[in-house]
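Structure, as structure tokens:
Laboratory data are not the source of any read-out in this text; all were calculated from the coordinates shown. Quick caveat, the model's predicted, so the values are computed rather than measured. Using ideal geometry, Cβ is built from the backbone for each residue, glycine included, and neighbour counts are taken over all protein chains shown.
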Amino acid sequence: MKMTFQVWESLSETERENRCQDLNPYEEWDVFKAIEAAFLAEWGKHPAVEKTHCGFGPCMGPYNSIVVTIRRGQPRIKLPKLFLGFPILKEYQRKRPNQSPEPTGSTSSRQARSTSSRQARSTGSPQAGSTRSRQAPTAVGCLARQTKGIPCS
């Protein structure tokens with residue numbers, strides 16, 4: 001018997017949880033999409049919810065679940081462990097959208113420190129405030145500096 005969303009909704013929570021992993025998203029795709037729509041109707045307005053997917057989760061083996069992508073910098077959201085018998089998996093944004101990798105128009109402090117370090121190495125003088133003496137460059141270190149345009153001594 002092919003599962004429908006109406007039949008799925010009529011099952012008890014325990015029955016849904018037990019039968020969730022037996023559903024085949026290739027055959028009962030309409031059930032998965034209806035569950036995703038029901039989840040979005042209840043939780044989709046929260047600013048932390050970026051997108052959802054009801055189907056195979058991003059883990060080992062076929063695992064039916066609802067995957068929710070959480071936006072960075074938004075209020076925290078406390079999602080239930082299960083929704084209509086499907087486990088909920090949260091994945092978090094890795095980087096902010098429209099963020100360039102390097103700041104434009106200004107020098108970051110990391111860039112300034114690395115530039116002063118290179119200048120100190122190329123002149124042979126220790127960095128200001130450093131008590132370490134300068135060590136002779138190794139062949140690997142020298143090659144690495146040459147690829148960055150820093151002469152070896």
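Here are some notes:
- Among the residues listed as Glu17, Glu27, Glu9, the single one being closer than 17 Å to Ile88 by Cβ, of a type in the set (D, E, K, R) and in contact (Cβ under 8 Å) with a residue 24 or more places away in the chain: Glu17
- Scoring Ala41 on the criteria (1) more than 29 Å from Arg94 (Cβ to Cβ); (2) exposed (fewer than 12 other Cβ atoms within 10 Å of the Cβ) leaves a single failure, condition (1).
- Filter pass, Phe39 being within 18 Å of the chain's Cα centre (by Cα) and within 18 Å of Gly85 (Cα to Cα): no
- Pick from the stretch 64-85, criterion touching a Pro at 6+ places or on another chain (Cβ under 8 Å) and closer than 22 Å to Glu17 by Cα, ranking: surrounded by the fewest Cβ atoms within 10 Å (Cβ to Cβ): Lys81
- Per-region count, the stretch 5-55, residues in a helix (DSSP H, G or I) and among the polar types (S, T, N, Q): 5
- Checked against (1) loosely packed, with under 15 Cβ neighbours inside 10 Å; (2) under 18 Å from Trp8 (Cα atoms), Cys54 passes all but a single condition, namely (1).
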